[in-house]
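We did not get these values from a lab; they are worked out from the coordinates using the rules stated. Source: prediction; values computed, not measured. Using ideal geometry, Cβ is built from the backbone for each residue, glycine included, and neighbour counts are taken over all protein chains shown.
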Amino acid sequence: MPSLKQHQKRRTEFLAGLKRPVLLMAGGNKPRNYPDNPFPYRPDSSFLFFFGEAEADAAAFFDPQSGQVQLFLPARSPEGALWYGDVPSLADMQARLGVDAVDSNDELPGKIAALAKGREVDALAVADPKATALAAEISGQNLNFDSGAGQGRAELVLSIAALRSSKDPEELDEMRRTAVITKEAHLEAMGHTRAGILEQELAGRVDGCFARHGCVPAYNTILSVRGEVLHNHEHHNELHAGDIVLLDGGAEASSGYCSDVTRCWPVSGKFEGEAAEIYDIVLNSELAAIEQVKAGVRYGELHRTACMIVAEGLAEMGILRGKAEDLVETGAHALFFPHGVGHQIGLDVHDMEAFGDQVHYPQNRSRSSQFGTKFLRTDTDLRAGMTFTIEPGIYFVPAILNEAGFREQFKDQVNWDHAEKFLRANDGRGFGGIRIEDDVLATEDGYEVLTAAIPKGRQEVEDLVGRALS
Ligand code: GLY
Ligand code: MN
């Protein structure tokens, strides 16, 4: 967990670049079904970045004129202690978080107006609509968390993004720590795999492993034999011998830092026939993209490399027809690899994705409109200290492969009879999909794979299947 000193350094750097005061909200509890029964609390990531922890409904005021940072926290009360236990006093919190002052968050608009002394205040939208509405009321700005443009003034968003996008050594250590826990979860799921059980038995082990280490899933764990459903959060299928399990699961620490890893393995313990070929293409694609990583490289180039290997591999198998360059040019590869090669990662699993393309497609780069490539979440130039995922995949998605428009558009570039066989595989359940994902750090002259210890060689993975049961 990054230290108090590191958080203070971040706040000082942030203050140094500000022209006007800033109000940041941590966000409050979100009710599941009635107000007293909330979802587990998750503070806003930028708030976590500057303070390392956050109580629900906390707010922070950064004043570049005085150089001071003031926190506003819920008032302490005996009733609060009755239900939720004793919490440190406001004075204790001031010392613990190393801020200049702490006050209660009662009547926040009046308190911020008094501090702003007529100056305009910049604010940031957060996932909690109530906190965003309060920040909008206080700042008079039009904030909307659901759109990149509604996050706050561009200067504010870009200055926070600049600080958050290169990870310091303490942040990297925290991500390495979640990678160790993520490895344990993946190995446990591989080890307990056998035909006849439901996906939920393995998903429960994954999330249970995170909980045992004081973590939560960084996103809803994807564990399914229907890996072609990219964000498949259902866990009700039974595992059959011919199925491939796809686990996309990562631990998030209480600091907010997380991992995001995908591995695939065969229920039977052996990738048979074309499944082995598909696995090797995806792995080669992932390795080739990772191999290109270093500061200065454009992320979109990594995507292109991954696409080229997938196109080449599928052409060698006879599923696609033509040269890789042409297949990637027309987008034929995207019928099987329909998403971007990855995204930044850090305090958010898709780090700063809420900030939108102003951060992720800088220098007036614009998103492709082509199917598949338009889902590339970032096309920024890599800088030393940036962390991101590399996660190519190959999927056989009925909704794509049965689409009349695609069939017509790619009639010469796809061997449709061959592709259809994958939809009918496994007694009609279909082949599913294979994705391999790691978290990668760009350095000045190369990279470090933060999740490298999680096995992904085909034979290595096969050898781990069912091992916990033998
Ligand atoms: N781990 C899910 C995703 O990257 O979208
Ligand atoms: Mn991912």
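Just a few scattered comments:
- Projecting the Cα atoms of Phe50, Ser166, Val69 onto the dipole axis of the chain, where Lys and Arg carry +1 and Asp and Glu carry -1 at the beta carbon, places Val69 farthest toward the positive end.
- GluC sites (Glu not before Pro) restricted to region 70-176 and DSSP loop, no more than 12 other C-beta within 10 Å: Glu107, Glu120
- Inter-part distance where region 178-200 and region 209-271 are each reduced to a Cα centre, Å: 8
- Virtual spin-label span in nm between His418 and Glu277, 7 Å along Cα→Cβ: 0.6
- Filtered GluC sites (Glu not before Pro), region 406-470: DSSP coil and at most 13 other beta carbons within 10 Å: Glu444
- Using Cβ point charges alone (K and R +1, D and E -1), the dipole size of region 127-199 about the Cα centre works out to roughly 140 debye.
- Spatially proximal aspartates and glutamates relative to Lys456 (Cα-Cα < 15 Å; intrachain offsets below 8 disregarded): Glu184, Glu188, Asp248, Asp260, Glu277, Asp280, Glu286, Glu391, Glu437, Asp438, Asp439
- Against the chain, whose longest principal axis comes from its Cα atoms, helix 154-165 is set at around 60 degrees.
- Antiparallel beta bridges, as assigned by DSSP with both residues in the chain, represent about 85 percent of the total such bridges.
- Here the chain is treated with +1 on each Lys and Arg Cβ and -1 on each Asp and Glu Cβ, and its dipole about the Cα centre works out to around 600 debye.
- One equal scatterer on each Cα of the chain, no solvent, Debye formula: the resulting log10 I(q)/I(0) at q = 0.06, 0.08 Å⁻¹ is -0.30, -0.52.
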